[in-house]
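Novice: If you scroll down you'll find the structure; I have some questions about it.
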Amino acid sequence: MVNDNINIKQKLKKIVAKQANQFKYQRFDKKKIRDMAEIRRRPFFKTILNIVHRFVVLILRFIFKNIIYGEKGQSVPPIKNLLLLEPATTLAMKIRTKKITSVEVMQAFIERIEEINPIINCVVDERFAEALKEAEEVDKLIASDVMTEQEILEKKPFLGLPISTKDCISVKDLLNTGGVYHRRNVRAKEDSTVIARMREAGAIPFCLTNISELCMWYESNNTVHGRTNNPYDTYRIVGGSSGGEGAIQAAGASPFGIGSDIGGSIRMPAFFNGIFGHKPSREVVCNKRQFPAPFTEEQRNMLSTGPMCRFACDLKPMLKALANKEHIKLLKLDEPVDVKKIKVFYQENDLGGYLVSQVDKDIQEALKKVANYFKNSLKNEVTRVEIARTKNTAAMWFANMISKDSPSFSEQVAEDPDGKINGFVELAKWMFGKSNHTFIGIMTSLTESTSVQPGSIKHKYLLSERDKIIEEFREMLKDDGVFLYPTHPCVAPYHNEPMLRTLNFSYTALINLLGMPSCNIPLGLGREGVPVGIQVVSNYNNDRLCLAVACELEKAFGGWVNPPECK
């Protein structure tokens, strides 16, 4: 009995102490309680909002499709010049072996741009005259036999080929606006590192392509150059921010190009336009002389510059030309990959991300076809996974982007270098067609102050969640695994429709958080006559696995599709 009384007293003391601690916590750390409560918002409330959001999206999709736009939009004319249907590496081989000239190739792509640009508005600046002169010099060099074919292949593998890139990547003497109105007359004083490296490899920059305002949206539209249209359906978007680059590649008006990607800006345009787009492992390619530039370590880890092209065989030689010398050995790009020995993991959706669209049926079917191809045709080990943290991708990405030391969107787009735009004033001006900013840019300005605050409990929590999901992926993929995942939950939306699907970019943003390589792989056209595809992800510096899978799936499913004839 005595022992029982002692035990009861001890338990009572523990309960009293616990309650005292809770009281102390509540009394002296109310802010922490509020922050934690914000982190653990009621799932029921979010579920209701998701249901309402999906209902609104369905209604507005019906309005866009049947009332605003009606029939399918225009598509670009079919490609007639057979040179435009060759991979970049094949064209380069034919130039150095004197089967065709660099001038012939340059002229063919310039003529194609002149044919399609009035329809889709993807090219915003050019240096055609200079590029043709440089092509003439290439032809003279090859005719002189100063260099053997093998020497050209080793030192200048892309000799004589035109190359395009997006407005935010510096090309000497061409515009470098970043889609920002006050920079409308800014021209690059020197080449970006990636353009310099492609020049060293023999390529000739010949045009610049459209982007979104400050590269911060997934529709390529700005008040400097206007809006770019999808080559398969002009009523649809091309993605962003490398949207003009995705469109020019899909239309067959450039043999290859360069994009940049901090939240999906290579892979989303590649997906919407049905081409290949590879986001390399973090730090593999130099991002120097781009506008806007990353400001923090987290932003630098998420931003990658990489190749965009119609044919999978061009990805590896492009990455070799672009990559930092110190990373070439780590990438082991020349090491053979046995695709049949790769372990394949796949996830069909983000498991219910907040205000993120459900995955389209065409994309679900494409993902399953690829998984079944690996399982049944190649006999790979294939595993379906459910990584719970993927549903919180958008919140983690925004937390990763924010820093006390980074200038805000409002500051970067302002005319006054020491000021910032007033979102409410710009919204009023926009309603009368007087603003120098896009509607989505103005809304970004108005809402950016509502983001999670740097250093807050919630911010720290989201960064810890990021670290945990990185570890999950590293443990899953190791050195012999790839992860198949939708590039985007829906095929190319109609113009302005992304404003209702703001967080759909989270499917690509996830991989930027990880810092891992990812490649969009086109898988033909879906029921709506626009491209479908998926992304393949591998562990750090295992880019060669992504590229090998891209080549395998192009062979199995056909890859890029020539746009249908113009109406």
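The values are calculated or read from the model by the stated rules, or taken from the named source; none is laboratory data. As the structure is a prediction and not an experimental result, all values here were calculated from the model. Neighbour counts are summed over all protein chains in view; Cβ atoms, including those assigned to glycine, are modelled from backbone coordinates with ideal geometry. The protein model used for the area step is the full one, side chains on, heavy atoms only, and it has no ligands, DNA or RNA in it. Shrake-Rupley method; radii C 1.70, N 1.55, O 1.52, S 1.80 Å.
Novice: Name the residue, out of Pro517, Pro498, that is open to solvent by less than 10 Å² (accessible area, probe 1.4 Å) and under 30 Å from Phe439 (Cα atoms).
Specialist: Just a single option satisfies the conditions, and that option is Pro498.
Novice: Which one of these is in a loop (DSSP other than H, G, I, E, B) and closer than 22 Å to Leu477 by Cβ: Asn392, Asn372, Asn380?
Specialist: Asn380 is the lone residue from the list that is in a loop (DSSP other than H, G, I, E, B) and closer than 22 Å to Leu477 by Cβ.
Novice: Keeping to region 214-240, report how many residues are farther than 18 Å from Thr487 by Cα and open to solvent by less than 10 Å² (accessible area, probe 1.4 Å).
Specialist: 6
Novice: Can you tell me which residues in region 216-251 are under 11 Å from Ile275 (Cβ atoms) and in a helix (DSSP H, G or I)?
Specialist: Once the filter is applied, which keeps residues that are under 11 Å from Ile275 (Cβ atoms) and in a helix (DSSP H, G or I), region 216-251 yields Glu245, Gly246, Ala247, Ile248, Gln249, Ala250.
Novice: Now, a different point. Residues Leu315, Leu322: which one is within 17 Å of the chain's Cα centre (by Cα), modelled with pLDDT of 95 or more and more than 25 Å from Asn229 (Cβ to Cβ)?
Specialist: Leu315 is the lone residue from the list that is within 17 Å of the chain's Cα centre (by Cα), modelled with pLDDT of 95 or more and more than 25 Å from Asn229 (Cβ to Cβ).
Novice: On the basis of being of a type outside the set (Lys, Arg), within 29 Å of Ala492 (Cβ to Cβ) and in a strand (DSSP E or B), does Val359 make the cut?
Specialist: no
Novice: Against the conditions (1) among the hydrophobic types (A, V, I, L, M, F, W, C); (2) within 21 Å of Pro307 (Cβ to Cβ); (3) under 22 Å from the mean Cα position of the chain (by Cα), where does Ala131 fall short? Just the number, please.
Specialist: Failed condition: (3).
Novice: Here's a follow-up. For region 408-462, how many residues are in a loop (DSSP other than H, G, I, E, B) and of a type in the set (Asp, Glu)?
Specialist: Count: 3.
Novice: Take Gly243 and tell me if it is open to solvent by 10 Å² or more (accessible area, probe 1.4 Å) and either of a type in the set (Gly, Ala, Ser) or touching a Pro at 6+ places or on another chain (Cβ under 6 Å) (or both).
Specialist: No.
Novice: Right, something else. Please state which one of Arg112, Arg61 is in a helix (DSSP H, G or I) and modelled with pLDDT under 95.
Specialist: Arg61
Novice: Now a separate question. Take Thr193 and decide whether it is in contact with a Cys (Cβ under 9 Å, 6 or more places away or on another chain), touching a residue at least 24 places away in the same chain (Cβ under 8 Å), under 26 Å from Glu137 (Cβ atoms) and surrounded by 24 or more Cβ atoms within 10 Å (Cβ to Cβ).
Specialist: It is false that Thr193 is in contact with a Cys (Cβ under 9 Å, 6 or more places away or on another chain), touching a residue at least 24 places away in the same chain (Cβ under 8 Å), under 26 Å from Glu137 (Cβ atoms) and surrounded by 24 or more Cβ atoms within 10 Å (Cβ to Cβ).
Novice: Output yes when any residue across region 551-566 is in contact with a helix residue (DSSP H, G or I) (Cβ under 8 Å, 6 or more places away or on another chain) and farther than 30 Å from Ile79 by Cβ, and no when none is.
Specialist: no
Novice: Only residues that are part of a loop (DSSP other than H, G, I, E, B) and touching a strand residue (DSSP E or B) at 6+ places or on another chain (Cβ under 9 Å): list them for region 273-305, please.
Specialist: Result: Gly274, Ile275, Pro280, Ser281, Arg282, Glu283, Val284, Cys286, Asn287, Arg289, Phe291, Leu303.
Novice: Can I ask one more? Identify, from the list Leu319, Leu355, Leu330, the residue that is in contact with an Asp or Glu (Cβ under 8 Å, 6 or more places away or on another chain) and either open to solvent by 20 Å² or more (accessible area, probe 1.4 Å) or in contact (Cβ under 8 Å) with a residue 12 or more places away in the chain (or both).
Specialist: So the residue among Leu319, Leu355, Leu330 that is in contact with an Asp or Glu (Cβ under 8 Å, 6 or more places away or on another chain) and either open to solvent by 20 Å² or more (accessible area, probe 1.4 Å) or in contact (Cβ under 8 Å) with a residue 12 or more places away in the chain (or both) is Leu319.
Novice: Is it the case that region 43-57 has a residue that's part of a helix (DSSP H, G or I), in contact with a strand residue (DSSP E or B) (Cβ under 8 Å, 6 or more places away or on another chain) and modelled with pLDDT of 55 or more?
Specialist: No, because not a single residue in region 43-57 is part of a helix (DSSP H, G or I), in contact with a strand residue (DSSP E or B) (Cβ under 8 Å, 6 or more places away or on another chain) and modelled with pLDDT of 55 or more.
Novice: Taking into account only those residues within region 438-489 that are open to solvent by 40 Å² or more (accessible area, probe 1.4 Å) and among the hydrophobic types (A, V, I, L, M, F, W, C), which is farthest from Ser408 (Cα to Cα)?
Specialist: Ile457
Novice: Tell me the residue from Ile113, Ile152 that is touching a strand residue (DSSP E or B) at 6+ places or on another chain (Cβ under 6 Å) and open to solvent by less than 50 Å² (accessible area, probe 1.4 Å), please.
Specialist: Ile113
Novice: Let me ask something additional. So which of Leu141, Leu175 is touching an Asp or Glu at 6+ places or on another chain (Cβ under 6 Å) and modelled with pLDDT of 95 or more?
Specialist: Result: Leu175 is the single residue among Leu141, Leu175 that is touching an Asp or Glu at 6+ places or on another chain (Cβ under 6 Å) and modelled with pLDDT of 95 or more.
Novice: Take region 404-437 and flag every residue that is surrounded by 15 or more Cβ atoms within 10 Å (Cβ to Cβ) and in contact (Cβ under 8 Å) with a residue 40 or more places away in the chain.
Specialist: Scanning region 404-437 gives Ser406, Ser408, Phe409, Gln412, Val413, Ala414, Ser435, Asn436, His437.
Novice: Follow-up. Whether any residue in region 364-376 is crowded, with 21+ Cβ neighbours inside 10 Å and touching a Ser or Thr at 6+ places or on another chain (Cβ under 6 Å) is what I want to check.
Specialist: no
Novice: Here's a follow-up. From the list Met308, Met268, pick out the single residue that is assigned to a helix (DSSP H, G or I), out of contact with any Cys (no Cβ under 8 Å at 6 or more places or on another chain) and open to solvent by less than 10 Å² (accessible area, probe 1.4 Å).
Specialist: Exactly one residue qualifies, and that residue is Met268.
Novice: Right, something else. Hey, can you tell me all the residues within region 152-202 that are out of contact with any helix residue (DSSP H, G or I) (no Cβ under 7 Å at 6 or more places or on another chain) and basic (Lys, Arg)?
Specialist: Matches in region 152-202: Lys155, Lys156, Lys172, Arg183, Arg184, Arg187, Lys189, Arg199.
Novice: Pull up region 61-92, narrow it to residues that are free of Cβ contacts under 8 Å to residues at least 12 places away in the same chain and open to solvent by 60 Å² or more (accessible area, probe 1.4 Å), then point me to the one that is farthest from Ile275 (Cα to Cα).
Specialist: Ile67
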